[in-house]
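Step one of this worksheet: look at the structure below.
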Amino acid sequence: MLNNKKLGGIKTMPFILANEICDRFASSGFHSNMITYLTQELNMPLVQASNTLTNFGGTASFTPLIGALIADSFAGRFWAITVGSIIYEPGLVSITLSAVLPSLRPPPCPTQQNCQEASTFQLWILYISLLLTSLGTGGIRPCVVTFAADQFGSDKVITGRSKKWNFFNWYYFSMVLATLTALTVVVYVQENVGWGWGLGIPTIAMIVSIIAFVMGSPLYKKIEPGGSPLIRLAQVIVAAFKKRKETAPENPKLLYQNKELDAAISLHGRLVHTDQYKWLDKAAVVTESESVSSNPPNLWRLVTVHRVEELKTIIRMLPIWAAGILLVTSSSHLHSFVIQQARTMDRHLSKSFEIPPASLSIFGILTTLSGLVLYERLFVPLARRFTGQPSGVTCLQRMGIGFVINIVATIVSSFIEIKRKSVAAHHNLLDDPKAIVPISVFWLVPQFCLHGIAEVFMSVGHLEFLYDQSPESMRSTAAALYWTAISMGNYIGTLLVSLVHKYTGENSNWLPDRNLNRGKLEYYYWLVSGIQVLNLIYYIICAYLYTYKPIEEVKEEEEDGEFNGKKISEKGVELARNETA
């Protein structure tokens, strides 16, 4: 049996990445073209279909919070990933059966007029499938990236020289590559071979991902869960409330500390005291009636400084995290709407080959792939000359750049829709929902490329921020916050689309059910662009006020019974680590 020192490392990456690549391939192949399956195969109206996918997308982005809490509390990340993958598989099987068996679908409706919609039973098959995949996602999403990072210790990844910011770039690169493969192979099969094989391939890929991940089990470094993070946070709040009348000492060294008690939740260093939210410090005040000789003390009355700082860290992170919610709200339905736009445009690459509408996303994926490489090789070295940051820019600056690019992308989308409708009007095609407007589908490419560039900055930066700034014992939970923001954004996006659809009238509806040519989709794009501008202003204020977490790193040798660590300043996290090394 391998000892702890031989566990983890680069040898585990083939198994972990094989699992995540197959999982991302399966989920992308399943979800990327689902709007077409719902509108063309199940005959659902556009807004209902888009809301259905967005609602279940929101659920799939909320369940990671539950999965992360289970992983951090008692199950561990390995078992959370394994069980989540097993739950995901029946969802794929059920939706594949609905595509294969004609009795589970309504009659075809090629004209898209007076269509017989799916029955209640047929819809329930769909809903059960989406629910199972949403539940399975809860165990996979928050744990895979943190589980992979755990294999390399506190600050070394893959090569032993690169820092975590480098790891997240390349991890995201491999995930995007899997998505690209799904968008080219699976979507082509769905459009040209059939939905049975088109959904069957992701189902098979998911089985492969489970096998690959379990096979690597003997090699993994499995960090023991440190107990429920929510309970620890609740203990701090309760203890601070009970001692609200106590006076905290001016010298923070007089507050309660216990290295043994915190050992399991501070493997790579304890959080040191900060002056923010000082009223929480009362939870660590030792009163005359309390005995600290007992180990542990009553944690609902007395907690350590490290645990108080865990709560402070989470509180500081929340405003930055919340900025991602309205960004998701603005983009939650864009994919569905763009696919419907593409279906009305000339998609010929040659006389005999048409690019499937959902495959247009490959342009965004290719931009992201190339962008991640250029970010590492060009942007970071150039930015480092000006900022002095080892990573070029901070994760907060990286996110801000992504916010700006995303606003530009949405504005470009509105102008492209105006162009598409003007061509349709010129050829008297506005009243024909099935007409192919004589305008190339490649007019949609610029917005995909801009969204791809925004992903390089925003998504990777957001994930990096949540992992790096969260307490180490809560990293799965922090990663789940990323998906929780997506969940809340999707739900708000559904509400926004429903309100727009309801209150913009029947004759000039911005988002019509069947005939997009008579809609005003560009107005919707302008609306969400305005929302993003307000969100950007909010984010800039939060980023300006944010304080990076200070941590006392652990060295192998300790002096005088105290940790021989270095306090990391707001702007010198990586510099302090380099000095220690």
## Note on the structure
Phi-derived 3J(HN,Hα) across the stretch 179-194 with the Karplus relation (6.51, -1.76, 1.60, θ = phi - 60°), rounded Hz, x for Gly and Pro, is 5, 4, 4, 5, 5, 8, 7, 5, 5, 4, 5, 4, 7, 10, 9, x
### Query
Looking at the chain, which Cys residues are left with no other cysteine's beta carbon under 4.7 Å from theirs?
Cys22, Cys143, Cys395, Cys449, Cys542
### Query
In the stretch 194-302, carbon and sulfur make up what percent of the accessible area (probe 1.4 Å)?
62
### Query
So how compact is the chain: Cα radius of gyration and Dmax in angstrom?
25.6, 86
### Message
Using a 1.4 Å probe on the protein heavy atoms, what percent of the accessible area of the stretch 311-554 belongs to carbon and sulfur?
### Response
67
### Message
Give me log10 I(q)/I(0) at q = 0.09, 0.12, 0.13 Å⁻¹ for the stretch 311-554, Debye formula, one equal scatterer per alpha-carbon, no solvent.
### Response
-0.46, -0.76, -0.86
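Find the accessible area per residue for the chain; the probe is 1.4 Å, ligands and nucleic acids are left out, and the unit is Å².
Solvent-accessible surface per residue comes out at 43 Å².
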### Query
How big is the convex hull of the Cα atoms of the stretch 1-227, per residue, in Å³?
121
### Query
How large is the helix-only mean residue ellipticity at 222 nm for the chain, computed as the sum of -39500 (n - 2.57) over DSSP H runs with n ≥ 4, divided by its residue count, in deg cm²/dmol to the nearest 500?
-20000 deg cm²/dmol
### Query
With axes computed from alpha carbons, what is the tilt in degrees of helix 334-343 against the longest principal axis of the chain, rounded to the nearest 10 within 0 to 90?
20
### Message
Can you give the longest run of the chain that contains no trypsin sites (Lys or Arg not before Pro) sitting in a DSSP loop with at most 10 other Cβ atoms inside 10 Å?
### Response
352-581
### Amide hydrogen neighbours beyond the local backbone of Ile439, cut-off 5 Å, H modeled
Asp346
### Message
As a test, work out the antiparallel percent of DSSP beta bridges whose residues both lie in the chain, rounded to the nearest 5.
### Response
75
## Note on the structure
To the nearest 0.05, the calculated FRET efficiency linking Phe415 and Ser440 through their beta-carbon distance, R0 being 22 Å, is 0.90
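Pairs Lys253/Lys312; Lys6/Lys259; Lys253/Lys282: which exceed 23 Å Cα-Cα?
Going by Cα-Cα distance, Lys6/Lys259 fall outside the 23 Å limit.
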#### Entry: Karplus-derived 3J(HN,Hα), 6.51/-1.76/1.60, for each residue of the stretch 364-371, Hz, glycine and proline x
x, 5, 4, 5, 5, 4, 5, x
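Relative contact order of the chain, please, whole-number percent, based on alpha carbon pairs below 8 angstrom and at least 6 residues apart. Please report the intermediate quantities before stating the final value.
Details: 924 pairs, mean separation 122.1, N = 581.
Once normalised by length, the contact order is 21 percent.
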## Note on the structure
A correct Karplus calculation of ³J(HN,Hα) over the stretch 22-33, with 6.51 cos²θ - 1.76 cosθ + 1.60, θ = phi - 60°, whole Hz and x for Gly and Pro, returns 5, 5, 5, 4, 5, 5, 5, x, 7, 8, 4, 10
### Message
Between 0 and 90 degrees, rounded to the nearest ten: what's the tilt of helix 120-150 against the longest Cα principal axis of the chain?
### Response
40
### Message
Compute the angle between helix 395-426 and the longest alpha-carbon principal axis of the chain, please, reported from 0 to 90 degrees and rounded to the nearest 10.
### Response
10
### Message
Treating only the Cα positions of the stretch 229-310 as identical point scatterers, give the base-10 log of I(q)/I(0) from the Debye formula at each q in 0.14, 0.16, 0.17 Å⁻¹.
### Response
-0.40, -0.53, -0.60
### Query
Given the stretch 1-133 reduced to its alpha-carbon atoms as identical point scatterers, what log10 I(q)/I(0) does the Debye formula return at q = 0.14, 0.16 Å⁻¹?
-0.74, -0.89
### Task
Find the relative contact order for the stretch 229-310 and round it to a whole percent, using C-alpha pairs within less than 8 Å whose residues are 6+ positions apart.
49
### Query
Taking the stretch 244-278, which GluC sites (Glu not before Pro) meet the DSSP loop condition and have no more than 11 other C-beta atoms within 10 Å?
Glu250
### Summary
Amide H contacts under 5 Å for Leu271, restricted to residues at least 5 apart in sequence or on another chain and with H modeled in the peptide plane, are Glu552
### Query
Can you list residues whose amide H is under 5 Å from Glu354's amide H, if they're 5+ apart or on another chain and H is modeled 1.01 Å from N?
Leu349
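Which value in Å does the Kirkwood hydrodynamic radius of the stretch 475-546 take, with 1/r averaged over all unlike C-alpha pairs and then inverted?
Computed over Cα pairs of the stretch 475-546, the Kirkwood hydrodynamic radius comes out at 14.5 Å.
The values are calculated or read from the model by the stated rules, or taken from the named source; none is laboratory data. Just so we're clear, the structure is a prediction, and the values are computed from it rather than from any experiment. All Cβ positions, glycine included, derive from the backbone under ideal geometry; neighbour counts span all protein chains shown. Accessible surface areas use protein heavy atoms only, side chains included; no ligands, DNA or RNA. Shrake-Rupley method; radii C 1.70, N 1.55, O 1.52, S 1.80 Å.
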